[in-house]
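Trainee: Right, I'll just put the structure down here and ask away after.
The values are calculated or read from the model by the stated rules, or taken from the named source; none is laboratory data. What you see is a predicted model; the values in this text were computed from it and never measured. No Cβ is skipped: glycine too gets one built from the backbone with ideal geometry, and neighbour counts run over all protein chains shown. In case anyone asks, the SASA skips ligands and DNA or RNA and just uses the protein heavy atoms, side chains included. Shrake-Rupley method; radii C 1.70, N 1.55, O 1.52, S 1.80 Å.
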Amino acid sequence: MISCQLHKIIQYQTCIMAWHSSGTSNDELVDNLVENGLITSEAIASAFRFVDRMYFVPEGCEELSYNDRPLKEGNVHISAPHIYCTVVQHLELEPGSSHSFLNIGVGTGYLSSIVATLLGPKSQSFGVEIHADVIDHCREANRAWKESVDAEVVEPFIFHGNGLQILNEGECRLGFDRIYVGASIDSSDLPNLQRLLVPGGILVAPVDDMLTQVRRTMEEYTERTITRVHFAPLLKSPAKNIVIPATTWSPACHTLFPENFQKSVKTLLLCLRSSYVQPPRQEIQTGLLNESSLLPRDVWLHILSFTNRKWFDPIKNETETLKLRLGQAQDMQSELEAERNRLQRKNLLLQTERDLYLRLISRIRNDARRAMNAQTDHVDLNQDPLRRTTQEFLYEADRILNITELDNDDDEEEEGDGMDIEDEPEDISDWDQSLDQVMETDHLLDRSRTVSITNEDI
């Protein structure tokens with residue numbers, strides 16, 4: 001019982017630590033998140049510094065921009081920064097990559113901007129939102145933030161509709177590298193969303209009030225529980241199907257495509273300038289044919305417009321796939337080992353705190369019992385509330401310490417024979433001080449039983 005109470009107290013202290021990350025500026029907010037261990041990567045810290053939360057909070061909440069708490073005004077809602085820290089960490093983003101990101105329930109666009117900053121200019125960002133007024137707020141917030149920074153930023157393509165009714169067409173046929181769901185979903189809805197992942201992709205979502213990471217390996221999906229959270233549910237109505245159009249290539253957006261794609265297109269177009277019959281190399285006597293020269297440039301440009309971002313990605317063979325799965329299994333094993341070590345250290349801390357509390361209860365119990373025995377007049381407990389409260393505490397302390405009536409008799413004999421001078425009350429006036437300690441400790445114990453801990457992100 002004591003260990004359970006202490007566990008709740010430690011959880012409560014952890015929750016308070018997260019909510020105590022508030023600051024008076026965006027830099028101070030990030031500094032506190034780093035100091036409290038909620039941001040563990042310099043890249044993530046830089047992204048949070050670059051994206052000022054003030055531009056994204058609901059209208060009228062500007063004074064609370066740097067508080068580590070969720071903010072809501074009407075349909076516009078932004079989660080607490082410490083929640084976003086956990087989400088970004090478990091999305092396992094690769095800085096400078098060409099990953100695609102889908103934010104279901106995009107909200108203010110704050111998280112999408114942080115993810116786009118981390119991934120870099122070659123990434124793609126998509127958002128789905130069911131409320132039209134939230135989309136307007138998101139676009140205005142992104143516009144204002146973009147004007148405040150002197151850098152190239154990736155703006156999300158936002159689509160109006162229901163996140164649970166995304167059709168498997170367009171960009172969804174290709175899939176997304178990273179997905180985040182900004183509202184709570186039922187476990188029955190998870191398969192419909194995780195199918196949108198590409199092999200090797202990661203989804204983070206609150207599933208049945210548990211923040212969950214889903215990783216896809218080919219046709220298999222592995223789930224990992226992160227922490228307990230409390231999100232508003234993802235709306236299932238009104239029903240509004242969504243088709244996210246596929247991104248098509250054109251010379252104007254060539255630089256936004258992955259490096260493999262750019263190199264392949266560059267090679268193809270350069271070959272157009274060569275003749276069909278290639279001059280033989282010195283080490284090769286047979287003739288080489290340049291088949292790309294068979295079609296005009298305009299035809300090739302038209303063909304390329306039907307390709308997608310991953311068209312020229314190398315196809316992974318079975319060996320590479322097994323290596324990828326082996327690496328992921330080893331990473332998961334390392335994480336489990338680190339979690340086991342953390343739990344062992346936490347268990348040791350709990351045992352130490354339990355022993356300290358038991359010693360404190362035992363010391364106060366002995367002081368209270370000696371003070372009770374020192375009273376010469378026998379007063380009815382119903383007429384003396386202080387003695388009644390003290391007696392109730394002694395019963396509770398005996399129960400916690402597993403002390404029986406026989407043990408109490410032994411304690412009294414020991415106290416009468418050979419008590420340490422340090423343990424003996426110096427004066428009868430110590431009764432008041434000891435009684436105050438008894439009542440305060442009893443009150444704290446009662447309060448500790450009622451502590452209920454969750455990460456609030458309504």
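Trainee: If I filter segment 217-242 down to residues being of a type in the set (A, V, I, L, M) and within 28 Å of the chain's Cα centre (by Cα), which single residue comes out as modelled with the lowest pLDDT?
Mentor: M218
Trainee: With the requirement that a residue be open to solvent by less than 20 Å² (accessible area, probe 1.4 Å) and part of a helix (DSSP H, G or I), what does segment 101-120 give you? I'd like the intermediate steps shown before the answer.
Mentor: Just the residues of segment 101-120 that are open to solvent by less than 20 Å² (accessible area, probe 1.4 Å), to begin with: 101-104, 106-116, 118-120.
Across segment 101-120, the qualifying residues are Y110, L111, S112, S113, I114, V115, A116, L118, L119.
Trainee: Quick check on my filter: what residues within segment 40-57 are among the charged types (D, E, K, R) and assigned to a helix (DSSP H, G or I)? Steps first, answer last, please.
Mentor: Step one: of segment 40-57, the residues among the charged types (D, E, K, R) are 42, 49, 52-53.
Matches in segment 40-57: E42, R49, R53.
Trainee: Among the residues of segment 124-167, which ones are over 15 Å from I244 (Cβ atoms), touching a His at 6+ places or on another chain (Cβ under 9 Å) and β-branched (V, I, T)?
Mentor: Across segment 124-167, the qualifying residue is only V134.
Trainee: Another question, then. Please pick out the residue among L203, L197, L193, L174 that is out of contact with any strand residue (DSSP E or B) (no Cβ under 6 Å at 6 or more places or on another chain), at pLDDT 90 or above and over 17 Å from G107 (Cα atoms).
Mentor: L193
Trainee: Do we have N67 as farther than 26 Å from G120 by Cβ and among the polar types (S, T, N, Q) here? Reasoning before the result, please.
Mentor: Working: farther than 26 Å from G120 by Cβ: yes; among the polar types (S, T, N, Q): yes.
In short, yes.
Trainee: Among the numbered conditions (1) touching a Phe, Trp or Tyr at 6+ places or on another chain (Cβ under 7 Å); (2) open to solvent by less than 60 Å² (accessible area, probe 1.4 Å); (3) modelled with pLDDT under 75, tell me where T307 comes up short.
Mentor: For T307, the failing item is (3).
Trainee: Another question about this same structure. Condition first: in contact (Cβ under 8 Å) with a residue 24 or more places away in the chain and in a helix (DSSP H, G or I). Now tell me which residues in segment 175-190 satisfy that.
Mentor: Across segment 175-190, the qualifying residues are D189, L190.
Trainee: In segment 60-91, what count of residues is obtained for those that are assigned to a strand (DSSP E or B), touching a residue at least 24 places away in the same chain (Cβ under 8 Å) and out of contact with any Gly (no Cβ under 9 Å at 6 or more places or on another chain)?
Mentor: Residues flagged as assigned to a strand (DSSP E or B), touching a residue at least 24 places away in the same chain (Cβ under 8 Å) and out of contact with any Gly (no Cβ under 9 Å at 6 or more places or on another chain) within segment 60-91 amount to 1.
Trainee: Sticking with this one: Residues in segment 18-36: is at least one touching a residue at least 60 places away in the same chain (Cβ under 8 Å) and part of a loop (DSSP other than H, G, I, E, B)?
Mentor: Taking every residue of segment 18-36 in turn, at least one turns out to be touching a residue at least 60 places away in the same chain (Cβ under 8 Å) and part of a loop (DSSP other than H, G, I, E, B).
Trainee: Please enumerate the residues belonging to segment 320-376 that are open to solvent by less than 50 Å² (accessible area, probe 1.4 Å), touching a residue at least 40 places away in the same chain (Cβ under 8 Å) and farther than 30 Å from A397 by Cβ.
Mentor: Correct list: T321, Q328.
Trainee: Moving to a separate point now. For segment 191-216, give me the residue count where each residue is in a loop (DSSP other than H, G, I, E, B), under 18 Å from E169 (Cα atoms) and either within 21 Å of the chain's Cα centre (by Cα) or of a type outside the set (K, R) (or both).
Mentor: Looking only at that region, the number is 1.
Trainee: Output the residues belonging to segment 225-268 that are part of a strand (DSSP E or B) and either open to solvent by less than 80 Å² (accessible area, probe 1.4 Å) or touching a helix residue (DSSP H, G or I) at 6+ places or on another chain (Cβ under 8 Å) (or both).
Mentor: I226, T227, V229, H230, I242
Trainee: Does at least one position in segment 142-162 carry a residue that is surrounded by fewer than 17 Cβ atoms within 10 Å (Cβ to Cβ), of a type in the set (D, E), in contact with a Phe, Trp or Tyr (Cβ under 9 Å, 6 or more places away or on another chain) and not in a helix (DSSP H, G or I)?
Mentor: Within segment 142-162, none of the residues are surrounded by fewer than 17 Cβ atoms within 10 Å (Cβ to Cβ), of a type in the set (D, E), in contact with a Phe, Trp or Tyr (Cβ under 9 Å, 6 or more places away or on another chain) and not in a helix (DSSP H, G or I).
Trainee: Further, regarding this structure: Is it the case that S98 is under 24 Å from T255 (Cα atoms), open to solvent by 10 Å² or more (accessible area, probe 1.4 Å) and of a type in the set (G, A, S)?
Mentor: Working: under 24 Å from T255 (Cα atoms): yes; open to solvent by 10 Å² or more (accessible area, probe 1.4 Å): yes; of a type in the set (G, A, S): yes.
Spelling it out, S98 is indeed under 24 Å from T255 (Cα atoms), open to solvent by 10 Å² or more (accessible area, probe 1.4 Å) and of a type in the set (G, A, S).
Trainee: Tell me which of these L93 doesn't satisfy, since it passes every other one: (1) more than 16 Å from the chain's Cα centre (by Cα); (2) open to solvent by 10 Å² or more (accessible area, probe 1.4 Å); (3) more than 21 Å from P233 (Cα to Cα).
Mentor: Evaluating L93 over (1) more than 16 Å from the chain's Cα centre (by Cα); (2) open to solvent by 10 Å² or more (accessible area, probe 1.4 Å); (3) more than 21 Å from P233 (Cα to Cα) leaves (1) as the failure.
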